[in-house]
Amino acid sequence: RIVAHVCGDERMIETFKNHEDIHAAMAAHIFGVPQDEVTKEMRRSAKTVNFGILYGISAFGLSDRLQIPQKDARQLIEDYFKSFPKISNYLTETMEFARKNLYVETLLGRRRYIRDINSQNAILRKAAERNAINAPIQGTAADMIKMAMIAIWHDLREQHLQSKMVLQVHDELVFDALQTELDTLRQIVEKRMSGAMQLSVPLDVDINSGSSWFEAH
């Protein structure tokens with residue numbers, strides 16, 4: 001969702017606005033088939049490319065993950081960028097910014113310094129390039145959930161609720177909820193997580209409950 005917002009790709013934005021499966025939708029574009037004809041294998045490949053691109057994955061790395069020949073992996077990456085040129089443009093612009101300024105930043109302006117981006121050492125330089133691509137996206141995701149957590153914490157205090165926010169796991173929050181406060185807590189979490197940042201795509205929130213985290217999943 002953050003990628004769709006920062007690069008402004010119309011296809012991605014429309015997919016999220018329609019609450020469609022992003023990996024299936026992107027697979028349909030990459031492989032040139034209707035979405036209802038996307039196979040599990042196509043979706044898996046698209047999902048791997050989706051996340052791999054943000055970590056600066058190479059054809060070699062993609063071929064290893066998908067267990068396909070390198071030439072097929074290279075073609076898959078090329079087809080991906082042809083289908084979503086604005087993502088390619090965003091990555092190129094981000095890299096150029098990092099090389100010039102030696103840092104990248106999240107949407108909220110938090111910086112990650114990338115001092116080895118122009119290093120003569122290929123290993124250091126490649127690692128810095130991967131960080132330059134990934135840090136603005138993953139860093140913004142981290143900023144986003146922290147904003148939600150702060151807002152939720154204030155709401156819990158202001159409404160004198162006994163339920164507690166006990167754990168963050170990536171893009172999930174885990175609560176120790178009092179049964180009688182469950183409906184109120186749901187409303188707070190839904191509001192604060194979906195409104196943590198204003199993006200060009202909706203922030204959908206799934207909420208489940210149970211006697212354990214396993215049961216809630």
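The values are calculated or read from the model by the stated rules, or taken from the named source; none is laboratory data. Everything numeric here is computed off the predicted structure, so don't read it as measured data. Because the Cβ atoms are built from the backbone with ideal geometry, glycine has one as well, and the counts that use them run over all protein chains shown. In case anyone asks, the SASA skips ligands and DNA or RNA and just uses the protein heavy atoms, side chains included. Shrake-Rupley method; radii C 1.70, N 1.55, O 1.52, S 1.80 Å.
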Please go through the stretch 23-43 and give me each residue that is part of a helix (DSSP H, G or I) and closer than 20 Å to Arg65 by Cα, ordered by number. His23, Ala24, Met26, Ala27, Ile30, Phe31, Lys40, Glu41, Met42, Arg43
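I want to confirm something. Restricting to the stretch 152-173 and keeping residues that are part of a helix (DSSP H, G or I) and hydrophobic (A, V, I, L, M, F, W, C), which single residue is nearest to the chain's Cα centre (by Cα)?
Ile152
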For Phe51, are the conditions met, namely being under 19 Å from the mean Cα position of the chain (by Cα), among the hydrophobic types (A, V, I, L, M, F, W, C), open to solvent by 40 Å² or more (accessible area, probe 1.4 Å) and closer than 26 Å to Thr140 by Cα? yes
Filter result for Val38 (farther than 30 Å from Asp116 by Cβ and free of Cβ contacts under 8 Å to residues at least 12 places away in the same chain): no
Tell me the residue from Thr92, Thr140 that is part of a helix (DSSP H, G or I), open to solvent by 40 Å² or more (accessible area, probe 1.4 Å), modelled with pLDDT of 90 or more and of a type in the set (Ser, Thr, Tyr), please. Thr92
Search result, residues across the stretch 185-203 that are open to solvent by less than 50 Å² (accessible area, probe 1.4 Å) and more than 20 Å from His5 (Cβ to Cβ): Leu185, Ile188, Val189
Name the one entry in Gln70, Gln35 that is farther than 19 Å from Val201 by Cβ and open to solvent by 70 Å² or more (accessible area, probe 1.4 Å). Gln70
